[in-house]
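Before any comments, here is the structure.
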């Protein structure tokens, strides 16, 4: 029998959130990832829980994150951001949407 959604589930309460985030590493480089628990993932980066790109580039700083309602949406956004150049990622982190738009136009003109 199919699961009947509770009122809270139907209204979007208690639903899991997913995040895309950008970190600035100690060498100035950016790392983009996704997670379902941002605080835990940040701690994992800081505590060297998993060997990854950031392990040799500590300390790190969270400069951007966005929330999504589904993991596939977060993964798609992560892939999109990973394809961006540094200037475009910085514009996103700065919430500078005019510069973000200009970076998009510059990337399209290069193709």
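The values are calculated or read from the model by the stated rules, or taken from the named source; none is laboratory data. These figures come from a predicted structure and were not determined experimentally. Here the Cβ positions follow ideal geometry from the backbone for every residue, glycine too, while neighbour counts run over all protein chains shown.
Couple of notes before you dig in:
To keep it simple, each residue is scored yes or no on (1) at pLDDT 95 or above; (2) farther than 23 Å from residue 87 by Cα.
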| site | (1), (2) |
| --- | --- |
| 36 | yes, yes |
| 45 | no, yes |
| 50 | no, yes |
| 53 | no, no |
| 62 | yes, no |
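- Filter result (touching a helix residue (DSSP H, G or I) at 6+ places or on another chain (Cβ under 9 Å), under 25 Å from residue 43 (Cβ atoms) and not in a helix (DSSP H, G or I)) within segment 59-93: 59, 60, 62, 63, 64, 65, 66, 67, 68
- Candidates 31, 19 - the one that is in contact with a strand residue (DSSP E or B) (Cβ under 8 Å, 6 or more places away or on another chain), modelled with pLDDT of 95 or more and closer than 15 Å to residue 67 by Cβ: 19
- Qualifying position, being surrounded by 14 or more Cβ atoms within 10 Å (Cβ to Cβ), in contact (Cβ under 8 Å) with a residue 24 or more places away in the chain and farther than 19 Å from residue 17 by Cβ, among 88, 82: 82
- Note on segment 91-106: among residues that are surrounded by 14 or more Cβ atoms within 10 Å (Cβ to Cβ) and closer than 19 Å to residue 29 by Cβ, the one that is farthest from the chain's Cα centre (by Cα) is 103.
- Counted residues, segment 45-58 - those being part of a helix (DSSP H, G or I) and out of contact with any strand residue (DSSP E or B) (no Cβ under 9 Å at 6 or more places or on another chain): 3
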